[in-house]
Amino acid sequence: MTTDPIRPDPSGEPINATDPLAEVRDFILARRQAVLAVSAGDEPFTAMTSFAVEPELTGFLVHLSDLSPHKRMLLANPKCSLLIAQADDGRAEVMSLARVMLQGVAAKIEKHSEDYARAKARFLARLPASEIMFGLPDFDLFRIAPTGGRFIGGFGRAFAFTADQLTRSQFRA
């Protein structure tokens, strides 16, 4: 069994028990991969994606190709969710793994804008191997602005939060 860097204590105690949202922020910042959930009509769809966070967790950046159905679905309906989960470490009860579910609204960032240049730099700082994809014309950057979420830190440790609660602090990504 491996030790999660956010939960070094096998007892499962959070690093910062006095500020549970600090634990959520630390948990998010320790990861680069999420499940993106979108929908088209009445059909849900999920896909694994990489992500980078913007300062104070005000936005989550994803880089999507025209070849992916989730990009088309996101353009048609910008409401989405990200599930960021602790890696399976082989424990007997997988439902005790920590996870954050974020609800949000996605917006395509226009290429050739200052906003795009800043977002691209932030994304590549976190995921430098993705640079080759930025040279492909069918890829676009999206910003998912969180509207709220839920953290599950294991059995009996779960709470919902608003976007304002998540971003309100001296925190810097």
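None of the figures in this text is laboratory data; all of them are computed from the coordinates on show. Predicted, not measured: the structure shown is a model, and the values here were computed from it. Here Cβ is always computed from backbone atoms with ideal geometry, including for glycine, and neighbour counts include all displayed protein chains.
What net charge do the residues around residue 66 carry, taking every other residue with its C-beta under 10 Å from that of residue 66, with Lys and Arg at +1 and Asp and Glu at -1?
Numbers: positive: 71, 72; negative: 138, 140.
Surrounding charge for residue 66 is 0.
Entry for the stretch 91-160 at q = 0.25 Å⁻¹: log10 I(q)/I(0) = -1.06, Debye formula applied to identical alpha-carbon scatterers, no solvent contribution. With θ taken as phi - 60° and the Karplus curve 6.51 cos²θ - 1.76 cosθ + 1.60 applied, the whole-hertz 3J(HN,Hα) list for the stretch 145-155 is 8, x, 10, x, x, 8, 10, 10, x, x, 4 Hz, x standing for glycine and proline. Remark: the stretch 78-94, residue by residue, has Karplus-estimated 3J(HN,Hα) of x, 6, 7, 9, 10, 10, 10, 10, 5, 5, 5, 9, x, 5, 5, 10, 5 Hz, where x stands for each Gly or Pro and the curve is 6.51 cos²θ - 1.76 cosθ + 1.60 at θ = phi - 60°. In this rough spin-label picture, where each label sits 7 Å from Cα along the Cβ direction, the residue 67-residue 89 distance is 3.6 nm.
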